[in-house]
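Heads up: the structure comes next, in structure tokens.
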Amino acid sequence: MSETTLSGYFDYNATTPLSNSVKSEMLKALDIYGNASSPYSRAQESKALVDSARENMAQLMGAETSQMFFTSCGSEANNWAIKGSLARHAKNPGHIITTAIEHPSVLEPIAYMEQVHGFSVTRLVPDVEGRVREEDFLSALRPNTQFVSVMYANNETGALQPIGPILEEARRRAITSHTDAVQALGKCTLDDRILAADYVSFSAHKFYGPKGIGGLYVRRPGELAQLIHGGGQEMGLRAGTENLVGMAGLARASEDCTQLLPEWESHYRRLRHRITRKLQDSGLGIEFNGPQDPSKCVGNTINFSVPGVRGEALAALLDHKHQTQVSIGSACSNNKSSKSSHVLVAMGLGDERIQSAIRMSFGRYTTEDELDRFVNNLHACAEQLLGISTPS
Amino acid sequence: MYSPLVIEHFSNPSYVGDVPNPDHEFEVGNSVCGDRIRIQLNSESDKVDQIAFRAWGCATSIATADIFCKSVTGKSYTDIEARSEGEIRDLLGELDPPQKHCIDIMMSLHSLLLKNVLKEDA
């Protein structure tokens, strides 16, 4: 991957570029066309590819291959875990615990189960640094709690949730549990206790794999409802001819992640330390949104507000003047309204701070020089916007 | 995505600043999304002579303020008043749905300009 191509890209939490090794495997897979479900010899290569993708994914998770299922993306994995698990309780809907800071692909299916099937839901509110409290989880438990879904790492702040104790407690009480690990896999070493979960979702394009393929760890496949009825693929739970090119990419991305994660993680931590210091010294009065303790968040994410500057305008200026891409905490919506980050709102941050928020997420290709240029460009753009807003 | 027109006026606005001893000053705001624009201007011979703006808001609202200032500079109030809603809307060119609240801002800038000037005349 060319550094020039990626220079200025700081939105790795939205998606990562394909690594060269992944791209190479995907290109090779374009010539493999046999249907993996067919019995003849021409299908063997396809079947071997599917098997290797599943094995690599299982190795990455520390799970058995029989527990790994392919999906089209992280959102599908989240929806499947929630709806596919709660389906068996639909006639006797109980209680669900989740958090107010989940990805919409968790919040929405849970809201659906609440509204359509009558489940009651507790949405845990995080502290001001964006982490839910273990004690709040314990207090929320009810005798009829049937399902728990808590994300591993938040996509906007990078805040790591107390997932180990929550999953262990759910397991101890025989409550079905799910964690959306889409923003954690490939960014931090996973807590060994993650396999206490019944379901873990992930997505290849968040760790240098392709878009269009994700996966779900299922501890006991017999308890999950079928997602797609049909030809019997994915052990009968998700029918459909396999996405061989996507699986080739996922296989390689998983293998790379297993081998290189310690290197990536220390790279992210170094970069985060550097950018934090540079932003603190920028003279812009930066306010950081998220855990102040770096060990409480993934190393590749930093969320901050630039006082007096609208984040949307700052991001647009960075993009058009410096070809630099970041994400924002608040955007204009149709007709006079604004769409603020539900995560920053749940953390209790004020409107102006949310409207000024920027999320920077970097990756394996980000360099220290790029970060230094980013801070210089940020400073210039913020000064320009402050010059527009502030009377002389 | 922003149109080239919005990018140009947002990235390199020409009318940012303050007018010394302005004849007129007014503000447009959107309480929900927080955009705020302040306009100051001087008139001469029933025309907009000097005009400048300050803005705190999204990229498109900053561009809107700059496009407004450019569009009225040197124009007579009679000509500005004669602009149709469609003509005012067209000043902003193509907008994505989330940017369309700036049409209301543009309308408000026109109506407040005329209201301020006409009030003075009365």
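For segment A:227-265 versus segment A:150-201, the inter-centroid distance based on Cα atoms is 20 Å.
Within segment A:170-255, the trypsin sites (Lys or Arg not before Pro) that combine a DSSP coil assignment with at most 12 other C-beta atoms in a 10 angstrom radius are A:Arg173. Just checking the listed ones, B:Gly74, B:Gly86, B:Gly57: in the Gaussian network model of chain B with Cα springs under 10 Å, the one fluctuating most is B:Gly86. By the count of other C-beta atoms within 10 Å, a proxy for reagent exposure, A:Phe202, A:Phe119 are ordered fewest to most as A:Phe119, A:Phe202.
Classify chain A: rounded, prolate or oblate, from the alpha-carbon gyration tensor (a ≥ b ≥ c, eigenvalue square roots; a/c under 1.5 rounded; otherwise prolate if a/b is larger than b/c)? Because a/c hits 1.5 or more and a/b fails to exceed b/c, chain A counts as oblate.
As a proxy for reagent exposure, B:Tyr2, A:Tyr268 were ordered by neighbouring Cβ count within 10 angstrom, fewest first; the result is B:Tyr2, A:Tyr268. Cross-link partners of A:Lys278 among lysines, defined as those whose alpha carbon lies under 23 angstrom from its own and excluding same-chain residues fewer than eight positions apart: A:Lys187, A:Lys296, A:Lys321. Mean residue ellipticity, 222 nm, helices only, chain A: the sum of -39500 (n - 2.57) across DSSP H runs of n ≥ 4, divided by residue count and rounded to 500, is -12500 deg cm²/dmol. Taking 17 Å as the straight-line reach from the Cα of B:Lys100, the aspartates and glutamates in range (excluding those fewer than 8 positions away in the same chain) are A:Glu312, B:Asp35, B:Asp66, B:Glu85, B:Glu87, B:Asp90.
Beta bridges per DSSP, both residues in the protein assembly as shown: antiparallel share near 70 percent.
Shape class of segment B:1-55 from the Cα gyration tensor (axes a ≥ b ≥ c, square roots of the eigenvalues): oblate, since a/c reaches 1.5 or more and a/b does not exceed b/c. In straight-distance terms, cross-link reach from A:Lys83 covers every one of the lysines whose alpha-carbon lies under 24 Å from its own, apart from those fewer than eight places away in the same chain; here that gives A:Lys91, A:Lys206, A:Lys211. Considering only A:Ser7, A:Leu260, A:Val148, and ranking their Cα positions along the charge dipole of the protein assembly as shown that arises from unit charges at the beta-carbon of Lys, Arg, Asp and Glu, the one farthest toward the positive end is A:Val148. Basic side chains Lys and Arg get +1 at the Cβ, acidic Asp and Glu get -1 at the Cβ, and with that the dipole of segment A:85-213 about its Cα centre reaches some 400 debye.
Taking Lys and Arg as +1 and Asp and Glu as -1, the other residues whose beta-carbon sits under 9 Å from that of A:Arg359 total -2. Any idea what the dipole of segment A:1-113 comes to, in debye rounded to 20, about its Cα centre with Lys/Arg Cβ at +1 and Asp/Glu Cβ at -1? Using Cβ point charges on Lys, Arg, Asp and Glu, segment A:1-113 gives about 440 debye.
Quick note: the coordinates plus some simple rules give every number you see, no bench work behind them. Small disclaimer: the values here were computed from a predicted structure and weren't measured. Reconstructed Cβ throughout: ideal geometry from the backbone, glycine too, with neighbour counts over all protein chains shown.
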